[in-house]
Amino acid sequence: MNIDIVSIVGARPQFIKAAAVSQAIAEHNRKSSDYPIAEKIVHTGQHYDRFMSSVFFEQLEIPKPDYNLRVGNGSHGKQTARMLEKIERILVTEAPACIIVYGDTNSTLSGALAAAKLHIPIAHVEAGLRSFNRRMPEEVNRVLTDRVSDILLCPTETAVENLVNEGISEGVYLVGDVMYDCLRRYAKKAKAIEQKTLEKLHLRSKSYYLATVHRAENTDNRNGLQDIFDALNQISSTERPVVLSLHPRTRQKITEGKVVPGDNIRIIPPVPYLEMMALEMNARAILTDSGGIQKEAYWFKVPCITLRNESEWTEIIDSGWNVLVGTNCKRIVQAVEQAESRPTWYENLLHGNGHSAKQICRILLESFGTIKKVTAEGEKTIQAETSPLRNE
Ligand code: UD1
Ligand code: UDP
């Protein structure tokens with residue numbers, strides 16, 4: 001008997017998270033053909049450029065989406081509504097046992113909302129993260145998605161605590177970080193291309209700073225964004241250049257003449273996952289407002305300077321490996337100088353052992369399927385009893 005699941009993705013970091021889960025599903029199906037999980041993938045089309053989308057499916061061997069909604073750009077309301085309408089139609093047709101949504105984008109919220117109204121159980125990967133800043137569109141998406149989710153798959157203990165503090169304790173699982181699964185799986189491949197990647201950009205290991213900026217709170221704040229660019233321009237030199245992987249949202253601000261990046265910064269288009277891994281592991285320090293990159297910097301033991309006032313990944317801020325500097329030019333420059341003397345000790349304080357996606361599969365099977373259990377009488381196949389969520 002199949003367990004039918006629909007995964008909903010749409011933006012760059014979701015492809016990476018979904019890759020880990022899809023691979024775990026494929027591994028489960030190879031090992032236990034009796035109880036396969038049949039996954040259908042819906043790509044909302046929120047991100048659509050080749051280097052924001054299809055390149056990740058290719059590199060991370062994600063199955064081709066079964067549906068591509070091609071919703072593209074738009075205001076939050078418009079984008080979310082378009083997705084909602086189209087996802088609803090798919091869920092009615094597919095009638096899955098559950099859907100999986102990832103992270104905190106508009107694609108996440110639309111998927112969750114469509115499923116909730118159809119009484120289809122929702123599993124949320126990266127549940128419980130909070131910045132406590134409701135002006136962030138992502139915070140609104142997270143809070144609402146968690147509210148309607150049935151299975152809340154938390155990456156950290158802090159995330160579990162956040163949910164408990166909001167009165168959500170049922171269906172909460174601490175599974176660790178699926179992005180760490182991905183990093184572990186692909187680190188060797190990234191290592192194999194690191195020389196080529198650095199040479200192509202005329203970079204030497206540990207002699208450049210890597211930067212990314214895309215968060216709406218930064219790109220929509222003209223002065224703040226200009227301050228970030230001024231700092232990056234000031235830090236960047238021939239010996240220690242700043243390489244900025246430019247997100248299309250930020251590119252747009254430059255094209256519109258809202259900000260001027262300065263001549264010292266080496267701007268490159270978004271790069272595929274393996275190239276990004278190679279650039280991260282060889283950077284002297286990373287400056288970013290990305291959620292995923294803060295964690296990758298930590299796992300690669302590269303000092304990170306976060307261009308925000310708060311972070312959802314509080315463990316790494318507390319550890320001293322990551323500092324919050326906001327958009328203040330002076331503070332950014334100072335933080336880069338101080339990054340040279342970061343602590344030499346390292347302890348992985350983030351949760352996860354590279355097998356989080358496998359654990360997620362197990363939870364899905366226990367909740368929606370039939371599982372094999374070893375009992376005193378031997379191996380028995382039983383219908384899962386743990387789930388209060390089964391579709392009647
Ligand atoms: C979205 C998520 C954010 C996540 C980020 C990952 C929301 C509210 N935001 O932000 O949480 O961190 O993705 O990268 O869901 N564009 C292109 N090509 C593309 C994609 C986008 O040119 O392939 C341009 C469009 O002009 C678009 C703008 O980038 O209007 C912003 O894209 P959008 O998906 O709305 O938000 P992101 O900033 O990417
Ligand atoms: N990333 C990438 N190429 C780039 C920039 C980022 O592959 O040019 C990867 C990065 O390594 C991380 C993920 O994209 O795995 C983070 O996505 P993003 O910063 O867009 O979103 P966020 O994590 O902030 O939601």
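The values are calculated or read from the model by the stated rules, or taken from the named source; none is laboratory data. Bear in mind that the values here come from a model prediction, so they are computed numbers and not experimental data. FYI the Cβ positions are ideal-geometry reconstructions off the backbone, even for glycines, and counts take in every protein chain you see.
What the table below lists for this structure:
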| item | result |
| --- | --- |
| When residues of segment 9-28 are limited to those that are among the small types (G, A, S) and outside any helix (DSSP H, G or I), the one nearest to ligand 2 (Cβ to nearest atom) | A11 |
| Tabulated pairs, segment 1-12, first closer than 18 Å to L364 by Cα, second part of a strand (DSSP E or B) and small (G, A, S), C-beta under 8 angstrom, 6+ apart or interchain | N2/A38; I3/A38; D4/A38; I5/A38 |
| Residues of segment 22-54 satisfying the condition of being within 16 Å of ligand 1 (Cβ to nearest atom) and charged (D, E, K, R) | D49, R50 |
| Test: residue in segment 29-39 that is assigned to a loop (DSSP other than H, G, I, E, B) and within 16 Å of ligand 2 (Cβ to nearest atom) | no |
| Total residues in segment 40-71, condition charged (D, E, K, R) and outside any loop (DSSP other than H, G, I, E, B) | 3 |
| Any hit, segment 226-236, residues being touching a Ser or Thr at 6+ places or on another chain (Cβ under 8 Å) and in contact (Cβ under 8 Å) with a residue 60 or more places away in the chain | yes |
| From the options G103, G128, residue that is more than 15 Å from ligand 2 (Cβ to nearest atom), at pLDDT 95 or above and buried (at least 24 other Cβ atoms within 10 Å of the Cβ) | G128 |
| Tabulated pairs, segment 159-172, first surrounded by fewer than 13 Cβ atoms within 10 Å (Cβ to Cβ) and outside any loop (DSSP other than H, G, I, E, B), second at pLDDT 95 or above and of a type in the set (A, V, I, L, M), C-beta under 9 angstrom, 6+ apart or interchain | V164/V172 |
| Residue in segment 112-123 that is within 28 Å of G369 (Cβ to Cβ), surrounded by fewer than 16 Cβ atoms within 10 Å (Cβ to Cβ) and of a type in the set (A, V, I, L, M, F, W, C) present | yes |
| Count - residues of segment 113-132 that are in a loop (DSSP other than H, G, I, E, B), hydrophobic (A, V, I, L, M, F, W, C) and in contact with a helix residue (DSSP H, G or I) (Cβ under 7 Å, 6 or more places away or on another chain) | 4 |
| Members of segment 227-250 found to be within 11 Å of ligand 1 (Cβ to nearest atom), within 18 Å of L201 (Cβ to Cβ) and surrounded by fewer than 16 Cβ atoms within 10 Å (Cβ to Cβ), listed by number | none |
| Which listed residue is surrounded by 15 or more Cβ atoms within 10 Å (Cβ to Cβ) and in contact with a Lys or Arg (Cβ under 8 Å, 6 or more places away or on another chain), from T145, T212, T197, T219 | T219 |
| Selection status of G74, under 19 Å from the mean Cα position of the chain (by Cα), in a loop (DSSP other than H, G, I, E, B) and within 16 Å of ligand 1 (Cβ to nearest atom) | no |
| Identity of the residue in segment 273-320, part of a loop (DSSP other than H, G, I, E, B) and touching a Gly at 6+ places or on another chain (Cβ under 9 Å), that ends up surrounded by the most Cβ atoms within 10 Å (Cβ to Cβ) | L307 |
| Index of the failed condition, Y186 passing every other in (1) free of Cβ contacts under 8 Å to residues at least 60 places away in the same chain; (2) over 16 Å from V302 (Cα atoms); (3) away from ligand 1 (no atom under 15 Å from the Cβ) | (1) |
| Members of segment 271-306 found to be away from ligand 1 (no atom under 15 Å from the Cβ) and under 26 Å from N221 (Cα atoms), listed by number | A285, I286, L287, A297, P303, C304, I305 |
| Where a residue in segment 120-138 is more than 29 Å from L365 (Cβ to Cβ) and within 13 Å of ligand 1 (Cβ to nearest atom) and its partner, wherever it lies, is modelled with pLDDT of 95 or more and of a type in the set (A, V, I, L, M), with Cβ under 8 Å and at least six apart | M136/A216; P137/A216 |
| Any hit, segment 258-270, residues being touching a residue at least 60 places away in the same chain (Cβ under 8 Å), over 26 Å from D318 (Cα atoms) and either surrounded by 20 or more Cβ atoms within 10 Å (Cβ to Cβ) or within 15 Å of ligand 1 (Cβ to nearest atom) (or both) | yes |
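The rows are residues; the columns are (1) away from ligand 2 (no atom under 15 Å from the Cβ); (2) within 21 Å of G103 (Cα to Cα); (3) not polar (S, T, N, Q).
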{"residue": "R240", "(1), (2), (3)": "yes, no, yes"}
{"residue": "V243", "(1), (2), (3)": "no, no, yes"}
{"residue": "A297", "(1), (2), (3)": "no, yes, yes"}
{"residue": "S319", "(1), (2), (3)": "yes, no, no"}
